[in-house]
Amino acid sequence: MKIPTTYQAEKVEDKWYDYWMKNGYFRSVPDGRVPYTIVIPPPNVTGVLHMGHMLNNTIQDVLIRRKRMQGFNACWVPGTDHASIATEAKVVAKLKEEGIEKSDLTREEFVDHAWEWTHKHGGMILEQLKKLGASCDWDRTKFTMDEDMNQSVTKVFIDLYKKGLIYKGYRMVNWDPQAKTTLSDEEVIYEEKPGHLYYVNYPIEGSDKVVQIATTRPETILGDTAICVHPEDSRFTHLKGKNAIVPLVERVIPIIEDEYVDMEFGTGSLKITPAHDPNDKEIGEKHNLEVIDIFNDDGTLNANGIHYEGRDRFEVRKDIAKELKEKGYLVKVEDYTHKVGTSERTKVVIEPKISEQWFLKMENLVKPAIDAVLNSKEVRLVPSKFENTYRHWMENIRDWNISRQLYWGHRIPAFYYGDGTQDFVVAATAEEALAQVVKMPGRSDFKQSDLQQDEDSLDTWFSSWLWPISVFNGINQPSNEDFKYYYPTNDLVTGPDILFFWVARMIIAGYEFADAKPFENVYLTGLVRDKQRRKMSKSLGNSPDPEELMTQYGADGVRAGILMSSAAGNDLLFDEGLMMQGRNFANKIWNGFRLVKGWEVSEDAEQPLAAKLAIQWYRSKFNATLKYIDEQFEQYRLSDALTAIYKLIWDDFSSWFLEWVKPAYGKPIDSKTLEAAVSFFEGNLRLLHPFMPFITEEIWQHFRERSPEEALIVSSYPVQEDFDSNVLKEFESVKEIVSAVRNIRKEKGISFKESLELCVLESANRESGYDAAIQKLTNVSSITRVDDKVDRSVSFRVGANEFFIPVQDNIDLEEEKKKLEKELEYNKGFLLSVQKKLSNERFVNNAPEQVIANERKKEADALAKIEVLEQSIRSL
């Protein structure tokens, strides 16, 4: 194949992804190998790729590609979530544009529109993941509304109902007036918002006295059914047993006593609205108070709202405050900041509402999941700091409200046979429901057409909590080969924001329905934020388009950039400059490849000593780096692993090894050295492939003719071999010497073509075996050992040894002396500042031991540097 001058990502990426797909490298079926399994956190079916997806799926692809190369049967299951609330909202909006209201449609008609929308817009995100290089087993793609997934959800609902864990009851729920559905507690986000505290007088029945309350929601006065005071509050003893009159509605309500009241807050007396506040509801039940609901499902006021009926709750808040003031009830208004619950999905303020809903008892279900994470450690959270969050949620869990007032989703398998809301049976089909009903006394003639299935759908998380089980059909067919082979899965990669929504519930489901953990490790990535530490979002306009980034920097460049900015478990501060760094890295690798492929080879040429040393060193360096990389993977420190590979390839391989072994201009390279260089290059490609799959496969295929079985994607991942630490340590000294000589050339304007002499005054044993390498890398004609300092020379120190470069006539000695004196003055000032710090008793007594050690080393280094500079000045 002809090698292009520059790396062309847009051509390479499509070519190799098609090749991988055509050869079925992503496909996994059970066999004799050890499985390694990841299930994708299913994105919304109609969603598009954002930076969070990019980070999450890049990490998953790195893990899966590495395990595939290590010989595991790697299976990455992709799929999408039906996302009830989000998808239904989009369908409702689309119908509105067409002049159709949801209320004008039957459930079946609306669901048809939802399926049409899903088929038209769904799956785009999976195609975008292919552009990123995601090596999922696409033949296994699942959707949470697939028929077998629906059967799994229904089966689990029936199982839990039969165990007495699912029940229907009236509870105070979180109501989303925009989506017109209930939300679980976890779907409510509490935000600090500015508001007001309204002080309102309630007349005392049969008296000219008043009792004053303070409220943030004056509109709910219309639903008040009591005033409550603390039994020990002496300010209100005269009100005991009396009644108050609700302003505007003139309703007579009792004044009750309860220790719940905080005597220090507001006026010390509370208005009680059992229909619209969870705490008021508890007090209402305790004191048998009337419940008056004043809201419609859309957040407007109903008939109990008197002349405000049909108007929005926030409009009414302003106007009712005016009316209360005009009629003499409103005493004052104060600014007040308080926490307000908002819907995670629609962002509207939620409304506490008493409603009959379906609930799942959680108290006993969570126990195995608590033990698995916090005690037995069967499931590991990474980073472990999230264990405390997990503990708090799980130990304070409440029954899960699993019903949603939505058409799009898994319909609740309950069938009503009578007029009461408790007259139902639970069954998978209407036929099975009828079979139960006709066995009831007096219902033998009951017809299937008389059954009414519950209109509600199940919470989206009620299907996704089964995901690791249901993607392998483990609920419907627990003995099937796939489920037995792939479950439990290995790693789950997701965000901490859904640790409870999804992760904890999957662990609960795993133990309840499969009697086993769903995965071994949960890697919780950070959130992607901009440079101002704001979470990226469309509304803020701070989220770049991932496809545009991939077009500009290549998929490999974006993958590398996003991982290099993502420390394990910490938030990622997005920096487009790192994408550019990723692209530049790809170009660096490509240029190194063209350099090696461009060398002419001589079978007869002898291998130089410098090349032998270079090979010995790089082999050790590669294996030492591989050891470090494997350790980072164990801790999911993929950023650190990639940074190590980056330095290995950019610095050690390209800047040192290739420079060390490359032949002189116009000369051939010996075959042994070329073979080693290519072998090392291929080792680098295998190491880098999980991170940057496209460019590595392209170069791999260019090096030599490969069969499909020899593709890089299925080649063997490097296995760490023994390495010589002494070799690595010795070469660090070599690098210091080479860098010092190069710096002197640069500072003095000495061309690299001009050969120099190097003298060394040895104060400690120095490995001279690398002198050939130093000479090659610095164009030094000889390295001579001397017994005394060399006059008329420029010197530098490496370790305990001092080196001298005799100066030529073309160096201005006076100018050189001025430079050295200036440097000497700076170093003396630096030494003085360090010694001043070390002479400070308070600093020495309080600073950590390592900090003191660092300062003493600075002092020693500065003294040594000053000695060398003074000697250099004397030599000149």
Filter the GluC sites (Glu not before Pro) in segment 425-458 down to the DSSP loop ones having no more than 14 other Cβ atoms within 10 Å, then list what survives. Glu455
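Could you work out Rg/(2.2 N^0.38 Å) for segment 778-876, with Rg from alpha carbons only?
With N residues counted in segment 778-876, Rg over 2.2 N^0.38 Å equals 1.36.
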Within segment 490-553, which trypsin sites (Lys or Arg not before Pro) sit in a loop by DSSP and count at most 12 neighbouring Cβ atoms inside 10 Å? Lys531, Arg533, Arg534, Lys538
Of the listed pairs Lys130/Lys361; Lys120/Lys339; Lys621/Lys837; Lys209/Lys286, those with alpha carbons more than 31 Å apart are Lys130/Lys361; Lys120/Lys339; Lys621/Lys837
The rounded separation in angstrom of the Cα centers of segment 753-773 and segment 68-143 is 67
Taking N as the number of residues in segment 812-853, the ratio of its alpha carbon radius of gyration to 2.2 N^0.38 Å works out to 1.75
What is segment 516-595's relative contact order, in percent, from Cα pairs under 8 angstrom and six or more apart in sequence? 33
Residues of segment 762-780 with amide nitrogen under 13 Å from the 7 Å Cα-to-Cβ point of Asn801? 762-775
Neighbour-limited loop hits for GluC sites (Glu not before Pro), segment 329-372 (at most 11 other Cβ within 10 Å; DSSP other than H, G, I, E, B): Glu363
Residues with beta-carbon under 10 Å from that of Gly284, excluding Gly284: net charge, scoring Lys, Arg +1 and Asp, Glu -1? -3
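Computed FRET efficiency, Cβ-Cβ of Leu863 and Asp788, R0 22 Å: what is it to the nearest 0.05?
For Leu863 and Asp788, the calculated efficiency is 0.55.
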Among the lysines, which have Cα under 24 Å from the Cα of Lys367 when same-chain residues fewer than 8 positions away are ignored? Lys155, Lys162, Lys163, Lys168, Lys377, Lys385, Lys517
If you roll a 1.4 Å probe over the heavy atoms of the protein chains, what accessible area per residue do you get for the chain, in Å²? 47
Just to be sure I understand: if I project the alpha-carbon convex hull of segment 442-506 onto a plane and average over all orientations, what area do I get in nm²? 7.8
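Would you mind getting me the FRET efficiency between Ile245 and Asp293? Use the beta-carbon distance for r and R0 = 22 Å, nearest 0.05.
0.60
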Sort Asp787, Asp670 by heavy-atom solvent-accessible area, probe 1.4 angstrom, most to least. Asp787, Asp670
Hey, could you get me the Stokes-Einstein D for segment 240-352, Kirkwood radius over alpha-carbon pairs, 10 °C and 1.306 mPa s, rounded to whole µm² s⁻¹? 98
Over the chain, with every protein chain in place, what whole percent of the accessible area is carbon and sulfur at 1.4 Å, could you tell me? 47
With the radius of gyration and the Kirkwood radius both derived from the Cα set of segment 723-843, what is their ratio Rg to Rh? 1.04
What residues of segment 341-379 lie in the reach of a label at Leu197, counting those whose backbone N is under 20 Å from a point 7 Å from the Cα along Cα→Cβ? 341
Quick check: pseudo-label points 7 Å beyond the Cα along Cα→Cβ at Ala430 and Leu609, how many nm apart are they? 9.3
Expected unfolding gain across Arg529-Ser755 under the 0.36 nm per residue rule, minus the alpha-carbon gap, is 76.1 nm
Taking 2.2 N^0.38 Å as the expected size of a compact globular protein, what ratio does the Cα radius of gyration of the chain give against it, to two decimals? 1.27
Packing-ranked peptide list from 709-719, 844-854, highest mean Cβ count within 10 angstrom first, is 709-719, 844-854
Computed over segment 1-111, the distribution of all Cα-Cα distances in 5 Å bins, rounded to whole %, is 2, 9, 12, 14, 14, 12, 10, 10, 8, 6, 3, 1, 0
Tell me, what is the FRET efficiency for Glu232 and Glu98 to the nearest 0.05, using R0 = 51 angstrom and their Cβ-Cβ distance as r? 0.25
Report, largest value first, the span of the C-alpha coordinates of segment 371-453 along each principal axis, in whole Å. 60, 27, 20
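Per residue, what volume in Å³ does the Cα convex hull of segment 75-152 take up?
Spelled out: Cα convex hull of segment 75-152, divided by residues, is 109 Å³.
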So, how do all the Cα-to-Cα distances of segment 137-199 break down into 10 Å bins, in percent, from 0 on up? 14, 22, 35, 16, 9, 3, 0
Once you put a point 7 Å from the Cα of Glu767 and another 7 Å from the Cα of Val851, both along the Cβ direction, what distance in nm separates them? 3.7
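The values are calculated or read from the model by the stated rules, or taken from the named source; none is laboratory data. On a predicted model such as this, the values are computed, not experimentally measured, just so you know. Heads up, the Cβs are rebuilt from the backbone with ideal geometry, glycines too, and the neighbour counts pull from every protein chain shown. Accessible surface is based on the protein model in full, side chains and every heavy atom, while ligands, DNA and RNA are left aside. Shrake-Rupley method; radii C 1.70, N 1.55, O 1.52, S 1.80 Å.
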